[in-house]
Amino acid sequence: MTSGKKLLQDGPSYIRVLVSILRDIFKEETVEYVLALIDEMLTANPTRARLFHDTSLANEDTYEPFLRLLWKGNWFIQEKSCKILSLIVSARPKPQDAAIANGSSKSKELTTIDDVLKGLVEWLCTQLKKPSHPSRGIPTAISCLATLLKEPVVRSLFVQADGVKLLVPLISPVSSQQSIQLLYETCLCVWLLSYYEPAIEQLGASRALPHLIEVVKGSTKEKVVRVVVLTLRNLLQKGTFGALMIDLGLPQLVQSLKAQAWSDEDLLEALNQLEGGLQDNIKKLSSFDKYKQEVLLGHLDWSPMHKDPMFWRENITKFEENDFQILRVLITILDTSTDPRTLAVACFDLSQFIQYHPAGRIIVTDLKAKERVMKLMNHENPEVTKNALLCIQRLFLGAKYASFLQA
């Protein structure tokens with residue numbers, strides 16, 4: 001292998017020779033050998049990737065061979081080409097990003113940086129969907145993405161390729177060392193995407209948040225916890241993420257995490273910021289907003305508002321919004337939920353609606369809730385049967401006599 005000193009002196013010349021071999025010779029063994037040489041050279045010192053952008057190579061199409069080999073070589077060739085190309089792209093002179101090829105040339109015959117980034121993102125998404133190698137395809141793609149997503153243009157291309165949803169299945173608690181590294185790099189990709197608004201929208205649509213919270217619950221690896229907490233901190237003020245974090249129990253989880261002995265100061269600071277942000281969100285959320293979130297998630301519990309007369313008096317007209325959307329979802333829960341606590345609370349809430357809304361009985365009857373509640377009167381759980389009975393009594397007796405009934 002060429003010595004480091006020789007490379008510094010004559011680096012661009014070596015690069016020119018190696019690239020010309022890859023461009024002109026198609027024998028597989030030769031291509032593999034040259035790629036291995038370049039990979040070894042860059043692994044020993046990643047800053048050598050800058051040599052590919054030396055001004056003396058301005059008219060050399062240094063990108064093209066690697067981009068072509070991504071699609072045409074065996075797995076060894078594909079993997080090495082992806083790794084090398086990612087490093088070369090990341091080392092290019094940043095102020096000249098737009099419309100340059102491999103130095104300062106603007107020749108149309110040379111492969112542009114746009115061509116390279118589009119080709120790379122396309123190949124990476126293909127690997128996440130249908131890996132070329134059963135065990136190395138996905139880890140290689142994620143590792144390269146963790147490098148490339150530092151660039152805004154790559155984030156944009158990745159979102160356009162609908163790539164965000166391909167990451168979500170990989171966000172889950174793991175145990176083996178190899179799996180931990182893949183999880184860390186996947187979460188690193190999500191963290192980088194959390195700085196890009198269109199990606200944030202896709203993270204919401206892909207239900208990434210519950211996955212991230214499960215990882216924090218189940219991981220003891222500090223670097224994994226840190227990158228997820230930093231991601232959550234970024235997402236906290238975006239859209240409905242804050243309300244959803246509260247519903248998923250993140251405030252309690254953050255308290256638990258703060259009690260652990262972490263050595264990373266960035267993690268401790270991020271936990272404090274996340275805790276403060278969650279507390280602000282809790283204050284901002286009105287009681288009915290919290291109630292809506294609970295119903296829409298389909299997981300009901302005996303939080304204070306369910307039995308608070310003030311809550312029902314102040315918010316009863318809000319149940320009329322969007323053609324009684326929340327009431328309809330509440331009734332649907334009676335059919336779809338298997339959780340006894342959720343069923344009991346849903347029955348109780350229906351009885352509260354009947355009591356506090358002037359037309360409660362008529363509305364609930366029109367929405368065909370009576371038959372569903374009556375079925376639950378034979379439920380095996382006594383809490384469910386008790387609240388189903390209360391609901392039926394209020395439905396038959398109406399609000400006038402409801403005050404005589406005890407929950």
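The values are calculated or read from the model by the stated rules, or taken from the named source; none is laboratory data. If you're wondering where the values come from, they're calculated on a predicted model, not measured in any experiment. No Cβ is skipped: glycine too gets one built from the backbone with ideal geometry, and neighbour counts run over all protein chains shown. The accessibility values were calculated without ligands, DNA or RNA, using every heavy atom of the protein model including side chains. Shrake-Rupley method; radii C 1.70, N 1.55, O 1.52, S 1.80 Å.
Every condition in (1) at pLDDT 85 or above; (2) assigned to a helix (DSSP H, G or I); (3) of a type outside the set (Asp, Glu) is met by Lys290 except one, and the failing one is (1). The single condition among (1) part of a helix (DSSP H, G or I); (2) surrounded by fewer than 21 Cβ atoms within 10 Å (Cβ to Cβ) that Trp302 does not satisfy is (1). Tallying residues that are open to solvent by 10 Å² or more (accessible area, probe 1.4 Å) and either under 18 Å from Val190 (Cβ atoms) or of a type in the set (Val, Ile, Thr) (or both) within region 105-128 yields 4. For first residues located in region 166-191 and part of a helix (DSSP H, G or I), partners that are aromatic (Phe, Trp, Tyr) and lie 6+ apart or on another chain with Cβ distances below 9 Å form the pairs Cys189/Phe158. Restricting Ala388, Ala346, Ala369 to residues that are under 25 Å from Gly249 (Cα atoms), surrounded by 15 or more Cβ atoms within 10 Å (Cβ to Cβ) and of a type in the set (A, V, I, L, M, F, W, C) narrows the list to Ala346. Restricting attention to region 138-153 and to residues that are among the small types (Gly, Ala, Ser) and over 16 Å from the mean Cα position of the chain (by Cα), the residue that is nearest to Ser81 (Cα to Cα) turns out to be Ala141. Restricting Glu64, Glu79 to residues that are touching a His at 6+ places or on another chain (Cβ under 9 Å), open to solvent by 20 Å² or more (accessible area, probe 1.4 Å) and either modelled with pLDDT of 95 or more or closer than 23 Å to Trp123 by Cα (or both) narrows the list to Glu79. Consider Lys221 against the criteria (1) charged (D, E, K, R); (2) closer than 30 Å to Asp289 by Cα; (3) out of contact with any Ser or Thr (no Cβ under 8 Å at 6 or more places or on another chain): it satisfies all of them except one. Which criterion is unmet? Condition (2) is where Lys221 drops out.
Just one of the listed residues (Val215, Val224) is in a helix (DSSP H, G or I), buried (at least 16 other Cβ atoms within 10 Å of the Cβ) and within 13 Å of the chain's Cα centre (by Cα), and it is Val215. Just give me the residues in region 271-286 being open to solvent by less than 60 Å² (accessible area, probe 1.4 Å) and more than 18 Å from Gly249 (Cβ to Cβ), in sequence order. Across region 271-286, the qualifying residue is only Ser286. The residues listed here are Leu327, Leu395, Leu350; of these, the one that is closer than 20 Å to Asp247 by Cα and assigned to a helix (DSSP H, G or I) is Leu327.
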